[in-house]
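The values are calculated or read from the model by the stated rules, or taken from the named source; none is laboratory data. Keep in mind the model is a prediction, meaning the values are calculated, not measured. Heads up, the Cβs are rebuilt from the backbone with ideal geometry, glycines too, and the neighbour counts pull from every protein chain shown. Note: areas computed on protein heavy atoms with side chains; ligands, DNA, RNA excluded. Shrake-Rupley method; radii C 1.70, N 1.55, O 1.52, S 1.80 Å.
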Amino acid sequence: MPSKPRNRIGENYGRLTVIRASERRTKSGNAYWWCLCSCGQKREVAGDKLSTNTMRKKPVVTACLVCSRELQIEGVCAKNDREERQRREQAKRQRANLMGKVPETWLKLPLTDAHARELGQVLFFRGTCCLRGHLAPYRINGGCLACAGQTPSAQ
Ligand SMILES: [Zn+2]
Ligand SMILES: [Zn+2]
């Protein structure tokens, strides 16, 4: 006989509210619960995935399938934004050290690939060397301008 699960009805886990018990059991005998997401969709979730302890290592479920996917994408975007900000900060620092050592026009170019796209431009200058050691602007999708023979390397 499976032990009677703790009644979770009415409890909240992220966007989910537990609305009723399910007949389903996990392999280890844990109860499933029907949950209502704040978006109105229902999802059947194993009891051991319902936790408010966000520090634990085991995955937790906090939304319906659709919302979970959205939350995941948001998470990825936030990470990309943070990395892009760091790249731009780094490019600014690199370029500050290159004042007077490279053509001034290079220092007015966008800072990164994404920055150039944002501004509708095709060139950017991060102030770093390409794999072949050139110090030159890059073209989006095209790589180093010195490699392409379009400009002499600054070093
Ligand atoms: Zn949802
Ligand atoms: Zn190069």
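So the check is Cβ under 7 Å with 6+ separation or different chains; which pairs have a first residue in region 73-97 that's assigned to a helix (DSSP H, G or I) and a second one that's polar (S, T, N, Q)?
Close Cβ pairs (under 7 Å, with a partner that is polar (S, T, N, Q)) amount to Glu84/Thr112; Arg87/Thr112; Arg88/Thr112; Ala91/Thr112; Gln94/Thr128.
Of all residues in region 35-46, which are under 16 Å from Ile9 (Cβ atoms) and out of contact with any helix residue (DSSP H, G or I) (no Cβ under 8 Å at 6 or more places or on another chain)?
Scanning region 35-46 gives Cys35, Leu36, Lys42, Glu44, Val45, Ala46.
Taking Thr105, is it in the same structural domain as Arg82 (by TED's automatic domain parsing), surrounded by fewer than 18 Cβ atoms within 10 Å (Cβ to Cβ), farther than 24 Å from Cys77 by Cα and among the polar types (S, T, N, Q)?
yes
Which numbered condition in (1) touching a strand residue (DSSP E or B) at 6+ places or on another chain (Cβ under 7 Å); (2) at pLDDT below 95; (3) open to solvent by less than 100 Å² (accessible area, probe 1.4 Å) is the only one that Thr112 fails?
Among (1) touching a strand residue (DSSP E or B) at 6+ places or on another chain (Cβ under 7 Å); (2) at pLDDT below 95; (3) open to solvent by less than 100 Å² (accessible area, probe 1.4 Å), Thr112 violates only (2).
For Lys49, state whether it is under 17 Å from Ile9 (Cα atoms), within 13 Å of ligand 1 (Cβ to nearest atom), open to solvent by 50 Å² or more (accessible area, probe 1.4 Å) and not β-branched (Val, Ile, Thr).
no
Looking at region 60-69, which of the residues that are more than 9 Å from ligand 1 (Cβ to nearest atom) and in contact (Cβ under 8 Å) with a residue 40 or more places away in the chain is surrounded by the fewest Cβ atoms within 10 Å (Cβ to Cβ)?
Val60
For the subset of region 31-46 comprising residues that are within 12 Å of ligand 1 (Cβ to nearest atom) and surrounded by fewer than 16 Cβ atoms within 10 Å (Cβ to Cβ), which member is farthest from Ala21 (Cα to Cα)?
Looking at residues that are within 12 Å of ligand 1 (Cβ to nearest atom) and surrounded by fewer than 16 Cβ atoms within 10 Å (Cβ to Cβ), I get Cys39.
Only residues in region 36-59 that are in a strand (DSSP E or B) and among the acidic types (Asp, Glu) count as the first member; pair them with residues that are open to solvent by less than 50 Å² (accessible area, probe 1.4 Å) and more than 16 Å from ligand 2 (Cβ to nearest atom), Cβ under 7 angstrom, at least 6 apart or cross-chain, and list the lot.
Every condition considered, the pairs that remain are Glu44/Ser22; Glu44/Tyr32.
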